[in-house]
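J.: Submitted below is the structure of interest, expressed as structure tokens.
The values are calculated or read from the model by the stated rules, or taken from the named source; none is laboratory data. Small disclaimer: the values here were computed from a predicted structure and weren't measured. Cβ atoms come from the backbone with ideal geometry, glycine included; neighbour counts cover every protein chain shown. When the accessible area is computed, the model is the full protein with side chains, heavy atoms only, and any ligands, DNA or RNA have been set aside. Shrake-Rupley method; radii C 1.70, N 1.55, O 1.52, S 1.80 Å.
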Amino acid sequence: MIFGGLFFLNLALFWPGFINPDSMGQYQQALLGIYNDHHPAMMSFAWRYFDKICPGYGSMYLLQIGLFYLGLYFIWQAAETFLDFKKSPALLLFIFFLPWWPQVLLFSIQIQKDNGFTFSFFAIAAALANYSLRDKQISLPAALLIFVGLIYGTAVKYQAQFILPILSIWFGWLLVKSRPPLQRLTVSIFTTLAVYASVVGINAVLVPKAQQSNSWQYVKLFDLAAISKSMDQDLILDINKTPHFSFEKLKNQFQENVVDPYVFPADAILKKNTDPLEQQQLWDHWFSVVRCHPFYYLKHRWMNFSHCLIDRVGYTHVDRLLPQIIDPETKAFSIVKGIIDLMGYAFVSQFLVILLGVIYFVASVVYWRRSKLAPIIFCFTSMALLFIGILLFMSMAGTPRYTYFSLVMIHGCHLFAIGLFKSVRKQNEEVFSEY
């Protein structure tokens with residue numbers, strides 16, 4: 001009852017969700033029924049039909065937040081198999097309070113493809129954890145829903161395709177849990193390929209070749225611009241320069257965590273190309289530059305990605321408003337500013353949570369054979385950390401919403417980690433008691 005109350009409180013407070021410019025563009029595609037792949041078309045395609053039932057942004061917000069709470073419900077059900085909430089009711093806060101934790105709340109109330117991917121995979125992983133711990137067979141209707149969820153979650157976010165195998169193999173492994181390992185692995189591989197084939201087919205139907213955006217070129221241009229600035233040498237191909245280009249503009253407009261100033265303004269200095277030969281030329285040139293200057297490339301990639309981990313969403317308002325409240329020249333200002341900064345890093349930035357995810361991952365490997373919770377933690381955290389590794393090299397901006405998936409998956413591990421450590425401690429106590 002409390003769980004349902006919190007869900008409806010969320011809807012009451014934040015309905016119909018908050019939309020950003022990217023999602024606004026996706027909604028316009030939904031209304032027109034014309035899609036391109038700068039943002040994967042699946043979200044707009046689904047939104048088009050949800051909009052017929054509930055016009056406006058609210059239908060997509062309801063889907064996203066509904067998947068989130070569904071995942072939390074499955075974690076609750078799974079945790080009841082190894083934790084006694086009657087004896088330790090405070091542990092329920094890891095479920096009830098999670099949607100309201102600042103790091104999570106700031107993004108969960110937004111409508112964006114990152115949430116569609118995150119909460120789809122989160123709900124499926126939680127359901128599979130529940131099936132794993134309760135030793136239940138997945139029914140046909142549930143299997144179909146999970147399969148559709150895998151397709152949707154993979155299709156709404158480009159990088160999701162690299163994470164999919166961990167989840168789809170887990171799903172296939174449970175589908176035929178009574179079968180020998182080789183048959184289970186075969187089903188897992190077939191399930192993974194079926195999801196990939198579905199996503200490729202859907203994208204091919206929704207986005208004709210003429211409407212493909214080939215936005216991957218922005219990542220390459222971002223890398224070349226950063227290396228050019230570091231070396232004080234123009235490494236941009238002429239085919240990717242607009243009439244507004246100058247090397248001085250490239251250096252002056254550079255931002256280490258976003259490519260936007262180069263490619264999106266009316267007077268953009270860099271451009272992508274539609275000619276396949278020119279696209280290949282860009283890729284070959286990028287590879288050659290990275291191979292020759294790996295240090296500058298890795299430095300740029302890390303500086304860009306670091307913003308995902310340490311940026312504190314909304315803190316520009318603090319920097320603007322605090323000097324109006326307290327004199328910046330006083331000691332009190334320094335103290336208050338320091339406290340607020342520390343709170344921001346603890347409750348808003350993602351670095352500490354990602355570090356905790358690494359600890360959980362290591363623990364899952366170390367205790368793999370000692371607890372049935374270890375493989376579950378491994379799946380959650382391996383998806384989170386693999387996604388971070390992919391974004392490190394494949395993103396054209398450094399913003400915390402990009403790593404939101406990793407944040408949510410690690411937060412979803414807390415109860416499983418508590419159960420794992422309790423189980424290991426109990427085993428150790430039993431061993432010592434024998435001596």
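J.: In whole Hz, with x marking every Gly and Pro, tabulate ³J(HN,Hα) for segment 132-149 from phi via Karplus 6.51 cos²θ - 1.76 cosθ + 1.60, θ = phi - 60°.
T.: Taking θ as phi minus 60°, the curve returns 5, 7, 8, 6, 9, 7, 6, 6, 4, x, 5, 4, 5, 5, 5, 4, 5, x Hz for segment 132-149.
J.: Turning to a different aspect of this structure: Mind listing the long-range amide H neighbours of Val258? Cut-off is under 5 Å, sequence gap 5 or more, other chains count too, H placed in the peptide plane at 1.01 Å from N.
T.: Amide H neighbours of Val258, under 5 Å, 5+ apart: Gly398.
J.: Mind jotting down a quarter of the surface of the convex hull over the alpha carbons of segment 1-209, in square nanometres, one decimal?
T.: 12.7 nm²
J.: Given a cut-off of under 8 Å on Cα pairs at least six residues apart, what relative contact order in percent is computed for the chain? All intermediate terms of the calculation are to be shown ahead of the outcome.
T.: Values: 528 pairs, mean separation 72.4, N = 435.
So the answer I get is 17 percent.
J.: Same structure, new question: Which far-off residues, 5 or more places away or on another chain, put their amide H under 5 Å from the one on Ile111, with H placed in the peptide plane?
T.: Distant-sequence amide H within range of Ile111: Phe18, Ile19, Asn20.
J.: I need the peptides 77-84, 263-270 ranked by packing, meaning the mean over residues of other C-beta atoms within 10 angstrom, with the highest value on top. If you can, show how the numbers build up before the last one.
T.: Values: 77-84: 17.1, 263-270: 14.8.
Most protected by this proxy first, the peptides run 77-84, 263-270.
J.: Could you report the accessible area of Phe14 in Å², rounded to 10, computed with a 1.4 Å probe on the protein chains as they sit in the structure?
T.: Surface open to solvent at Phe14 totals about 40 Å².
J.: A follow-up question, please. If you take every residue apart from Trp286 with its C-beta less than 9 Å away from the C-beta of Trp286, what net charge results, scoring Lys and Arg +1 and Asp and Glu -1?
T.: Numbers: positive: Lys220; negative: Asp223, Asp284.
Result for the local shell: -1.
J.: Note down the nm distance, to one decimal, between modelled labels 7 Å out along Cα→Cβ at Ile390 and at Leu352.
T.: Going from the Ile390 label point to the Leu352 one covers 2.9 nm.
J.: Hey, what's segment 306-435 come to in accessible area per residue, 1.4 Å probe, Å²?
T.: Details: 6590 Å² over 130 residues.
So segment 306-435 comes to 51 Å² accessible per residue, rounded to a whole number.
J.: Another question about this same structure. Using helices alone, I'd like the mean residue ellipticity at 222 nm for the chain: each DSSP H run of four-plus residues gives -39500 (n - 2.57), total over residue count, nearest 500. Please report the intermediate quantities before stating the final value.
T.: Numbers: 21 runs with 306 residues, N = 435.
Here the helix-only value at 222 nm equals -23000 deg cm²/dmol.
J.: Among the listed pairs Lys113/Lys249; Lys251/Lys337; Lys113/Lys209; Lys113/Lys136, which have their C-alpha atoms separated by more than 26 angstrom in this model? Write out the running numbers ahead of the final one.
T.: Working: Lys113/Lys249 32 Å; Lys251/Lys337 32 Å; Lys113/Lys209 22 Å; Lys113/Lys136 32 Å.
Cα-Cα > 26 Å for Lys113/Lys249; Lys251/Lys337; Lys113/Lys136; rest within.
J.: How much of the accessible area of the chain, probe 1.4 Å, is carbon plus sulfur, in whole percent? Let's see the in-between values first.
T.: Values: 14020 of 21040 Å².
Accessible surface attributable to carbon and sulfur in the chain totals 67 percent.
J.: Excluding ligands and nucleic acids, what accessible area in Å² is computed for Arg184 using a 1.4 Å probe, to the nearest 10?
T.: 40 Å²
J.: Now, a different point. Could you rank Tyr158, Tyr69 by how accessible they are, 1.4 Å probe, largest area first?
T.: Working: Tyr158 125, Tyr69 10 Å².
Highest to lowest solvent-accessible surface, that is Tyr158, Tyr69.
J.: Taking only protein heavy atoms into account and a 1.4 Å probe, give the accessible area per residue of segment 1-209 in Å².
T.: On the way: 9470 Å² over 209 residues.
So segment 1-209 comes to 45 Å² accessible per residue, rounded to a whole number.
J.: If you don't mind, there's one more thing I want to ask. Using a 1.4 Å probe and counting only protein heavy atoms, arrange Met343, Met43, Met396, Met303 so the residue with the most accessible area comes first. Mind showing how you got there, number by number?
T.: Working: Met343 95, Met43 0, Met396 40, Met303 70 Å².
The ordering from most to least exposed comes out as Met343, Met303, Met396, Met43.
J.: Thinking of the chain as a set of Cα atoms, what percent of all their pairs are more than 38 Å apart?
T.: Numbers: 27264 of 94395 pairs.
Percentage above 38 Å: 29.
J.: May I ask you to evaluate 6.51 cos²θ - 1.76 cosθ + 1.60, the Karplus curve with θ = phi - 60°, for each residue of segment 60-67 and list the ³J(HN,Hα) values in order in whole Hz, giving x for glycine and proline?
T.: Values, residue by residue: 6, 5, 4, 4, 5, 6, x, 5 Hz.
J.: Beyond 25 Å, how much of the Cα-Cα pair distribution for segment 332-435 remains, as a whole percent? Mind showing how you got there, number by number?
T.: Working: 1997 of 5356 pairs.
For segment 332-435, the fraction of Cα-Cα distances above 25 Å is 37 percent.
J.: Another one. Label Gln253 and Ile335 with points 7 Å out from Cα along Cα→Cβ: what is the distance between them in nm?
T.: Result for the modelled spin labels: 4.7 nm.
J.: Using only C-alpha positions, report the orientation-averaged shadow area of the convex hull of segment 257-388, nm², one decimal.
T.: If you wrap the Cα atoms of segment 257-388 in a convex hull and average its projections, you get 14.5 nm².
J.: Then there's this: Using unit Cβ charges (K, R positive; D, E negative) and no other charged atoms, how large, in debye to the nearest 20, is the dipole of the chain about its Cα centre?
T.: Working: 33 positive and 26 negative charges, 239 e Å.
Computed about the Cα centre, the dipole is about 1140 debye.
J.: Could you identify which residue out of Ala226, Ala12, Ala363 has the top mean-square fluctuation in a GNM of the chain using Cα springs shorter than 10 Å?
T.: Of Ala226, Ala12, Ala363, the most mobile in the Gaussian network model is Ala12.
J.: Order Thr274, Thr186 by their accessible area, 1.4 angstrom probe, all chains in place, largest first. List each step's numbers first, then the result.
T.: Working: Thr274 125, Thr186 80 Å².
From most exposed to least exposed: Thr274, Thr186.
J.: Another one. What ³J(HN,Hα) values, in whole Hz, does the Karplus curve 6.51 cos²θ - 1.76 cosθ + 1.60 give for segment 2-18 when θ = phi - 60°, with x put for Gly and Pro?
T.: 4, 4, x, x, 5, 5, 6, 5, 4, 5, 5, 7, 10, 4, x, x, 10
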